[in-house]
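Below is one structure, written out as structure tokens; comments come after it.
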Amino acid sequence: MKPELLDRINRLPRRPGVYLMKTESGEIVYVGKATDLRSRVRSYAGDSDPRPFVRLLDRVLHDIDYVVTANPKEALLLENTLIKKHRPRFNFSLRDDKNYLSIRIRTDHPWPRVDLVRAMRDDGARYFGPYHSAAMARQTVGLLNRHFHLRTCRDSVLRNRVRPCLQHQIGRCPAPCVLPVDREAYRDDVQRAILFLEGRTTELTGDLEDAMLRASDALAFEQAARYRDQLLAVRSALEHQHAVRARISDLDVVALHREGSSGMIVVAAFESGAMTQVETFPVRRQLLDSPELLTELVVQYYNRSSRPPPPEVLLSDEPDDADTLSELLSELRGGRTRVHAPQRGEKRKLVEFALENARLHFETDELDEDERLAEALSAIQRRFRLRQTPRVMECYDISNFQGRQIVASGVCFIDGRPERDRYRRYRIESVDDQDDFASMHEVISRRARRARRGEAPLPDLIVIDGGRGQLNAAVHALRDAGFPDQDIISLAKSRTQGTDETGQTTRSAERVFVPDWRDPVELRAASDERFLLERIRDEAHRFAITFHRQQRTKATVRSALDDIRGIGPTRRALLLEHVGSVKAIRQATLPELEQVPGLGRAAAHAVFAHFHPDEADPVTLEGSDDDTL
């Protein structure tokens with residue numbers, strides 16, 4: 001196998017998904033599924049695979065593409081769909097015309113029924129699935145019939161019956177074939193069955209609860225019991241379908257994952273709810289904003305594509321002029337095409353699916369990450385007139401809660417990548433209230449003293465999370481410690497400025513403050529230097545928040561248990577080890593506390609009395625306030 005292909009295989013994610021083997025002309029010659037994409041595709045490089053076509057791969061294989069799925073079952077469904085779409089020459093065993101089962105409900109029929117089909121057609125019916133298991137599909141239909149009482153007979157039987165069938169006798173069908181049935185009530189059951197299949201749990205359970213209460217108030221207890229059974233069935237047996245979504249019609253999803261001026265765009269095509277095609281487009285050194293970049297890509301893609309735009313195009317970012325873009329694509333299609341960026345629901349999940357694939361393709365792309373990071377570091381040096389390229393950067397952040405448990409973090413990046421062995425945490429010792437400036441002065445002073453003692457040299461660049469005040473405090477600390485020439489900047493988060501003429505909230509750009517520079521620097525949103533600075537700032541913030549939460553949790557445990565006479569460090573550890581959290585200790589009964597090994601009866605009574613003063617019996621405790629009672 002070619003060295004460049006082996007290198008690409010070694011970059012594949014260790015995730016479930018589908019891989020597509022392509023020739024130099026782009027023809028897909030094989031589609032396969034994998035629980036671990038890297039491990040599965042790497043197996044083709046050896047000689048252990050006995051299949052005849054594997055020996056031909058060295059001659060025909062030019063590229064390997066992939067699509068990541070949430071789990072192996074989704075990979076199985078997607079593999080089936082792509083094989084039927086592309087008919088790869090080496091997928092001999094799977095080139096048949098079978099399809100997975102789907103559930104169909106003809107909502108335009110006077111008495112809709114639930115049935116199983118293998119092909120989805122454009123006949124106005126509602127389709128759900130496909131289901132990877134025929135048994136699961138049939139089980140779902142049985143559950144619908146059992147709890148929502150929809151007919152199961154064919155239309156020919158419906159028109160010709162003269163008496164109710166067995167399904168009516170066992171209470172699973174109202175027998176609209178021969179009995180007078182309330183059409184509106186039947187339609188309600190159909191709608192609830194559709195909500196069930198769509199996974200709209202909240203809406204369905206709320207509707208059933210209301211119907212149950214109305215029936216109960218009307219003394220229709222048999223009907224109320226039926227709604228209750230439906231409610232229980234919904235809560236216990238509702239199942240989502242992720243890999244193939246029949247409620248999604250023909251549409252394309254265009255998603256952009258971006259890191260500075262580079263990124264990856266994924267275009268995923270869905271037909272009748274099934275994903276049939278994925279294309280990737282790398283982005284190189286683009287300073288356009290993401291919405292503008294997506295708009296240009298969409299226009300270019302459909303202008304040169306042999307495939308017309310679908311009725312709907314989903315974007316990961318809302319375009320600046322969605323109406324104009326929709327109008328342009330509608331002209332290309334010869335019919336209406338809607339372009340928008342969904343924010344919630346099933347369509348947002350499709351966008352997130354495409355974004356995840358774009359991110360992973362970006363990470364496994366052949367773009368030299370070392371070169372990209374080197375360019376970002378050089379840009380930071382030029383932009384802020386640093387003495388040298390900031391190969392080693394450290395960033396510091398302060399975290400507190402209403403002036404308590406004040407902590408700080410220091411993270412280190414070398415050549416643009418995290419160096420976690422050099423991360424540091426600080427407990428602020430000289431500040432008792434919420435004073436970020438004084439806290440930052442202490443942290444930088446302690447860091448400078450370590451450098452003065454020769455324990456750790458200062459980095460090429462120090463980045464402070466904050467504005468002008470935090471920066472000035474850090475600069476004074478460095479000068480006081482004898483490092484007046486240390487390169488240092490601060491990165492301040494964007495701020496809400498107000499609303500524009502359309503009512504949308506506007507925010508300022510993120511600003512970089514530099515010592516002795518009067519005005520802050522605003523970096524372009526798509527620049528590599530801004531992406532790298534935000535990345536190290538966000539990592540410092542994450543590290544500080546994590547440490548602060550740990551300290552706050554410890555303080556909460558201490559404050560909750562230290563006030564109990566006779567409970568010291570040893571017994572506190574016993575309680576937490578055997579009972580669990582403070583909440584569990586508070587809710588524990590006296591017998592449960594007495595069963596804690598090594599705690600003792602008197603100590604158990606003391607703990608129970610502390611949290612339940614009105615329920616505990618008086619106990620005489622002897623000894624001091626330590627672990628001796």
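Coordinate-derived values only; no laboratory data. This is a predicted model, so every value here is computed, not measured. As a convention, Cβ positions derive from the backbone with ideal geometry for all residues, glycine included, and neighbour counts pool all protein chains shown.
For the pair Ser430 and Gln139, a Förster radius of 51 Å applied to the C-beta separation gives a FRET efficiency near 0.15, rounded to the nearest 0.05. In terms of packing, defined here as the mean over residues of other Cβ atoms within 10 angstrom, the peptides 411-423, 255-267 line up highest first as 255-267, 411-423. Each Cα pair under 8 Å and six or more residues apart adds its sequence gap; the mean of these over the residue count of the stretch 373-531 is a relative contact order of 18 percent.
If the label point is 7 Å along Cα→Cβ of Ser494, which residues in the stretch 252-276 have backbone nitrogen under 16 Å from it? Residues passing the 16 Å test: 258-261. Ranked by the mean number of other Cβ atoms within 10 Å of their residues, highest first, the peptides 173-179, 374-380, 392-398 come out as 392-398, 374-380, 173-179.
Beta bridges from DSSP with both residues in the stretch 251-364: antiparallel share about 75 percent, rounded to the nearest 5.
Once C-alpha pairs closer than 8 Å and six or more residues apart are averaged by separation and normalised to the residue number of the stretch 251-364, the relative contact order reads 31 percent.
Arranged from fewest to most other beta-carbon atoms within 10 Å of their beta carbon, Glu222, Glu346 become Glu222, Glu346.
Measuring between alpha carbons in the structure, the pairs from Lys2/Lys84; Lys2/Lys33; Lys493/Lys583 lying more than 31 angstrom apart are Lys493/Lys583.
Restricting the calculation to Cα atoms, every distinct pair contributes to the Kirkwood radius of the stretch 309-418, found to be 18.7 Å. Restricting the calculation to Cα atoms, the stretch 251-364 yields a radius of gyration followed by a Dmax of 13.1, 38 Å.
Based on Cα contacts under 8 Å between residues 6+ apart, the stretch 287-418 shows a relative contact order of 15 percent.
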